[in-house]
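The values are calculated or read from the model by the stated rules, or taken from the named source; none is laboratory data. Here the structure is a predicted model, which means the values were calculated and not measured. With ideal geometry, Cβ positions are generated from the backbone for all residues, glycine too; neighbour counts draw on all protein chains shown.
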Amino acid sequence: MRSIDRKSLEKALETYRVLDEDGNLVGEEPSISDSTLVKMFEYMVRARVLDEWLLKLQRLGKVAIHAPNKGQEAIVGAVMPLRPEDWVFPSYRDLGVYLVRGMSEEEILDRALYNEDDPLKGSDFAIYGNRKYNMVPTPVPVGNQIPHAVGVAYAMKYRGEDLVTMVMFGDGATSRGDFHAGLNFAGVYRVPVIFVCENNGWAISVPFERQTRSPSIAFRGLAYGVDSIRVDGNDVLAMYTVAKQAIERARKDKEPYLIEMLTYRLGSHTTADDPSRYRSEEEVREMMRYEPLKRFKRYLVDKGLITESEADELYRRYSSYVEEAAKKALNKSPLPRDIFFYNVYSTLPWNLKMQLEEFREAIKTIEEFGLEVD
Ligand SMILES: Cc1ncc(C[n+]2csc(CCOP(=O)(O)OP(=O)(O)O)c2C)c(N)n1
Ligand SMILES: [Mg+2]
């Protein structure tokens, strides 16, 4: 029988931090090279800028829907220690993850705008992935990616490969059976998977307190025999340190690990959501104090790795870069209107053929009435 010692319990109930909200060192400083630290900050800035542009493009009616990332950029710390051959199963609010895995702003914009270069050919909205980066697109049913990541990691272990998987999901996903099945399987079979629960306090309008009466998500991980830690998820140094150890251990000892990333969604759930109906503006203002970019910038400035004006310049440079990339992506041809009939079956089955005919007829009728089809 596996026992749980006091130290494990403390890790699951307390919050591990390296930096406080003002960027002061309050924990053990990890040894990370200067160039990696600067790179980490760049990824966070790129994620913030791209998020702002996707929001703007949605408001302009060009992007159908976007899930704002603002406040959750420290997730980049969790993925940076992975190898390119490891597999990642991200959530739909993970621009930083896509960038670290190697996706470019251009590719993300092509996807968001469903143009001719969209790698996923118009399939579903607001999800990103590409086998080029060993990154699986997020399924729309919340949390389905959890057992997928466990299964893939189990296969890696079975084949004797020294690879791991990492899966991101929200606090809301921990109420799905998939979370429990995934954790139990990983615990029993000692699967090299790292679970990263981005606990941002809300599952659309449901606050964390109504999700579970457990004291923390990490505490729930322990119950499945998975070593678990609660981390200040707005502290990128804490995220990097914990993830690096978890990844190395999973690779070597074939042990799963759960990281509960305590963070906060500063924007709306998606662009189709109005958060003023369920949370106060004061709450958001208060949480702005803890946002991850500001505190990490302060740390880098204090360390002499960047100046305030260099940081501002970085933000401006990426903003103009993404503006240009967005213009180019908008000028590309759209995907054909009937694209959703393709890319699933190699030959269309009879019922889809019938639906395709009906779809074409409907478009023809609309056009005969002189209406625009968009
Ligand atoms: C199985 C399932 N139920 C409901 C939904 C609708 N839905 C989409 S996102 C979401 C909230 C998820 O919250 P959380 O897991 O905390 O992730 P966050 O959006 O906060 O990042 C819900 C209920 C869904 N997509 N799938
Ligand atoms: Mg949430």
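Taken over segment 282-329, the residue count meeting the criterion of being in contact with a helix residue (DSSP H, G or I) (Cβ under 9 Å, 6 or more places away or on another chain), acidic (Asp, Glu) and under 28 Å from residue 231 (Cα atoms) is 2. Check whether at least one residue in segment 297-315 is within 26 Å of the chain's Cα centre (by Cα), within 16 Å of ligand 1 (Cβ to nearest atom), acidic (Asp, Glu) and on the phi < 0 side of the Ramachandran plot, and report yes or no. No. Please verify whether residue 206 is surrounded by fewer than 21 Cβ atoms within 10 Å (Cβ to Cβ), within 20 Å of residue 67 (Cβ to Cβ) and over 19 Å from the mean Cα position of the chain (by Cα), treating the condition exactly as stated. Yes; evaluated as a whole, the condition is true for this residue. Of everything in segment 162-179 that is part of a helix (DSSP H, G or I) and within 15 Å of ligand 2 (Cβ to nearest atom), the residue that is surrounded by the fewest Cβ atoms within 10 Å (Cβ to Cβ) is 175. The set of residues in segment 315-374 being of a type outside the set (D, E, K, R) and within 30 Å of residue 294 (Cα to Cα) consists of 315, 318, 319, 320, 321, 322, 325, 326. Filtering segment 124-136 to residues that are modelled with pLDDT under 95, crowded, with 16+ Cβ neighbours inside 10 Å and assigned to a loop (DSSP other than H, G, I, E, B) leaves 125, 126, 127, 128, 129. If only residues of segment 191-219 that are touching a strand residue (DSSP E or B) at 6+ places or on another chain (Cβ under 8 Å) and more than 16 Å from residue 169 (Cβ to Cβ) are counted, the one that is farthest from ligand 1 (Cβ to nearest atom) is 192.
For segment 205-253, name all the residues that are assigned to a strand (DSSP E or B) and farther than 25 Å from residue 161 by Cβ. Residues satisfying the conditions are 206, 207, 229, 230, 231, 232. Residue under question is residue 182, and the condition is that it be surrounded by fewer than 20 Cβ atoms within 10 Å (Cβ to Cβ), more than 16 Å from ligand 2 (Cβ to nearest atom) and free of Cβ contacts under 8 Å to residues at least 40 places away in the same chain; does it hold? Against the criterion (surrounded by fewer than 20 Cβ atoms within 10 Å (Cβ to Cβ), more than 16 Å from ligand 2 (Cβ to nearest atom) and free of Cβ contacts under 8 Å to residues at least 40 places away in the same chain), residue 182 does not qualify. Among the helices (runs of 4 or more DSSP H) confined to segment 263-374, the ones with at least 3 residues that are surrounded by fewer than 14 Cβ atoms within 10 Å (Cβ to Cβ) are located at 281-288, 308-331, 350-368. Looking at segment 1-93, the helices (runs of 4 or more DSSP H) lying wholly inside it that each contain 1 or more residues that are surrounded by fewer than 22 Cβ atoms within 10 Å (Cβ to Cβ) and modelled with pLDDT of 95 or more sit at 6-13, 34-59.
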